[in-house]
Amino acid sequence: LEEPLGDNHIFILVPRAEMLLPTLLSRLFVVKGQQFLVEDLALFSKKFIGAPLTDRMVLIEKFLKSNDDDESAKIRHKTKEIFGQMETVFAESIAHSPQVVASEVSKFLVELLTIKKYLDDSSPSIKMILEYVAFICPKEF
């Protein structure tokens, strides 16, 4: 790394550049990859579920802005991942919930599965789909 020969390239893949020593980092050109990892999407999903409607709308805007450079297919895939994380959270909660709450969550999960199918088509707006989910998503309990 000190004096590389011409036309030689070394790639170091790490989850975050901050993990590298500053002396090493100063000799590298950092290229950021995918901004949302699965763990990030799980955290986003939990924040989304627990947030009031206005905060959900802000989260949607931030999500779309942070993925502005991505092509539509990538954003659709990330949105499916978010919905998958939401399914997991709510499916786990059904077992520990009263019958009335479980019924509401079950209806939401059925609707969410239907909505996920729309993400396979390039026509619907991802923003509109996310906003619809923001309106129908029950708060975590």
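Could you list, in sequence order, all residues of region 67-86 that are over 16 Å from residue 118 (Cα atoms) and surrounded by 13 or more Cβ atoms within 10 Å (Cβ to Cβ)? Once the filter is applied, which keeps residues that are over 16 Å from residue 118 (Cα atoms) and surrounded by 13 or more Cβ atoms within 10 Å (Cβ to Cβ), region 67-86 yields 67, 70, 85, 86. Of all the numbered requirements in (1) within 16 Å of the chain's Cα centre (by Cα); (2) surrounded by 13 or more Cβ atoms within 10 Å (Cβ to Cβ), residue 105 misses one, and that requirement is (1).
Meeting the requirement of 2 or more residues that are at pLDDT 85 or above and among the hydroxyl-bearing types (Ser, Thr, Tyr), the helices (runs of 4 or more DSSP H) wholly within region 36-141 are 72-94, 99-118.
Of all residues in region 91-102, count the ones that are open to solvent by less than 100 Å² (accessible area, probe 1.4 Å) and either more than 19 Å from residue 80 (Cα to Cα) or of a type in the set (S, T, N, Q) (or both).
Within region 91-102, the subset open to solvent by less than 100 Å² (accessible area, probe 1.4 Å) is 91, 93-95, 97-98, 101-102.
Applying the additional criterion that residues be either more than 19 Å from residue 80 (Cα to Cα) or of a type in the set (S, T, N, Q) (or both) yields 93-95, 97-98, 101-102.
Final tally of qualifying residues: 7.
Looking at region 108-141, which of the residues that are among the small types (Gly, Ala, Ser) and loosely packed, with under 15 Cβ neighbours inside 10 Å is farthest from residue 78 (Cα to Cα)? Looking at residues that are among the small types (Gly, Ala, Ser) and loosely packed, with under 15 Cβ neighbours inside 10 Å, I get 123.
Pairs linking a residue in region 108-122 that is on the phi < 0 side of the Ramachandran plot to a residue that is basic (Lys, Arg), with Cβ atoms under 7 Å and 6 or more positions apart or on different chains, are 116/80; 119/76; 119/80.
Here is a yes/no grid of residues against (1) assigned to a loop (DSSP other than H, G, I, E, B); (2) in contact with a strand residue (DSSP E or B) (Cβ under 9 Å, 6 or more places away or on another chain); (3) modelled with pLDDT of 70 or more:
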site	(1), (2), (3)
1	yes, no, no
12	yes, no, yes
18	no, no, yes
24	no, no, yes
28	yes, no, yes
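The values are calculated or read from the model by the stated rules, or taken from the named source; none is laboratory data. Remember, it's a predicted structure, so these values are computed and weren't measured experimentally. As a convention, Cβ positions derive from the backbone with ideal geometry for all residues, glycine included, and neighbour counts pool all protein chains shown. For accessibility, only protein heavy atoms count, side chains too; no ligands or nucleic acids. Shrake-Rupley method; radii C 1.70, N 1.55, O 1.52, S 1.80 Å.
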